[in-house]
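Worksheet: the structure to be examined is printed underneath.
Derivation of every value follows stated rules applied to the coordinates shown; laboratory data play no part. Predicted, not measured: the structure shown is a model, and the values here were computed from it. Cβ atoms come from the backbone with ideal geometry, glycine included; neighbour counts cover every protein chain shown.
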Amino acid sequence: MPEIPWRSFVAIGDSLTEGLQDFDPVGNPVGWADRFAGHLADRAGEPVRYANLAIRGRLLQPILDEQVEPALALAPDLVSIWGGGNDMLRPDADPDEMAAAVEGAVARFRAAGADVLIGLGVDSRDSPVIKLTRKRTAIYNIHLVGIAARHGAHILDAWNMRSLRDWRMWHADRIHLNALGHARVAQAALVGLGLEPDSPDWDEPLLARPPMTRRETVDWNVAWTREHLSPWLLRRLRRTSSGAGRAPKLPAYTEVAPARV
């Protein structure tokens, strides 16, 4: 396996990077970034340092305002930037302004000598509600691809992941990935950096399952509205965030040892 240059990795972002809804046995969020740090250690054949500054519920600008400086202070070899999903749920989201803000952060990390991995927004065409954000997300993603090209950054291409079009990769809230989805995204991060995935079929869709009946579909949507959509709308009306008062889960480096040598 070829040598990799990264021995320190810092992740910034929102709930996706914090790791909701992928929990360890005691209830701590894991997520793609934790899993990816383990893959880096495996590829390096030695421990790597890992910090995760992501906080659930954060909009893009607060992510950049609150997390870029601490990330720079850690002087990582590699940093991931993935945010904007919470912005897209708001009708006034401006993908042009959002991308310009990301470019400023990417330029700072590159000037500091860090490699950068930029996450693209997921294609929401199969979501009955969130697909309304699809065009804005596509514009944002196109900007991010251009930013990566200009600054020599890398792309984690979640938009084109076929496996993520299966709801079995998602939590019941239809907004957060589950453990299966996070594991697939961790593989996409390897591919985005030009590394071999653990398996060539890492993004193959799951075997098809029988379609739901009309009644099952109605029950599924009613349960989602009651248990997830309504509480989210209530938080929006109250202008509260799921991440209010929360601190990053890993604000300082922790050592991640390889699972295999």
Take the chain, compute every pairwise Cα distance, and split them into 10 Å bins from 0; I just need the percent in each bin. 7, 30, 38, 19, 5, 0
What nm distance separates the two modelled labels at N160 and D126, each placed 7 Å from Cα along Cα→Cβ? 1.8
Taking the Cα atoms only, what angle lies between the long axis of helix 214-224 and the longest principal axis of the chain, rounded to 10 degrees? 60
Which of P231, I142, M161 sits closest to the plus end of the dipole of region 123-261, meaning its Cα is farthest towards the positive end, when Lys and Arg get +1 and Asp and Glu get -1 on the C-beta? P231
Quick one: Cα centre-to-centre distance for region 23-53 and region 79-142, in angstrom? 23
Bridge type composition, the chain - antiparallel percent by DSSP, nearest 5: 25
Per the 1/(1 + (r/R0)^6) rule, R0 = 35 Å and r from the Cβ atoms of R90 and E255, FRET efficiency to 0.05 is 0.35
Please quote Rg/Rh for region 104-174 to two decimal places, taking the Kirkwood radius as Rh and restricting both calculations to Cα atoms. 1.06
Cα-based helix-to-principal-axis angle, 134-151 vs the chain, degrees rounded to 10: 10
How much space per residue, in cubic angstrom, does the convex hull of the C-alpha atoms of region 147-261 take up? 194
To the nearest 0.05, the calculated FRET efficiency linking R110 and D65 through their beta-carbon distance, R0 being 25 Å, is 0.85
Put in order of increasing Cβ neighbours within 10 Å, starting from the fewest, T225, T213 give T213, T225
Within the chain, helix-based [θ] at 222 nm, where runs of 4 or more DSSP H residues each add -39,500 (n - 2.57), nearest 500: -12500 deg cm²/dmol
Rg (Å, one decimal) plus Dmax (Å, integer) for the alpha carbons of region 52-148? 13.5, 42
In degrees rounded to 10, the 0-90 angle between helix 95-111 Cα long axis and the longest Cα principal axis of the chain is 20
With +1 on each Lys and Arg Cβ and -1 on each Asp and Glu Cβ, and nothing else charged, work out how big the dipole of region 115-261 is about its Cα centre, in Debye to the nearest 20. 960
Among Y253, V26, L132, whose Cα sits farthest toward the positive end of the charge dipole of the chain (+1 at Cβ of Lys/Arg, -1 at Cβ of Asp/Glu, about the Cα centre)? L132
Whole-Å distance, taken between Cα centres, linking region 157-186 and region 197-236: 10
Place a +1 charge on the Cβ of each Lys and Arg in the chain and a -1 charge on the Cβ of each Asp and Glu, then give the dipole magnitude about the Cα centre in debye, rounded to the nearest 20. 920
Within region 61-91, which residues have the backbone N less than 20 Å from the label spot 7 Å out from A138 along Cα→beta-carbon, could you tell me? 84-91
Per the Kirkwood formula over distinct C-alpha pairs, the hydrodynamic radius of region 167-211 in angstrom is 11.6
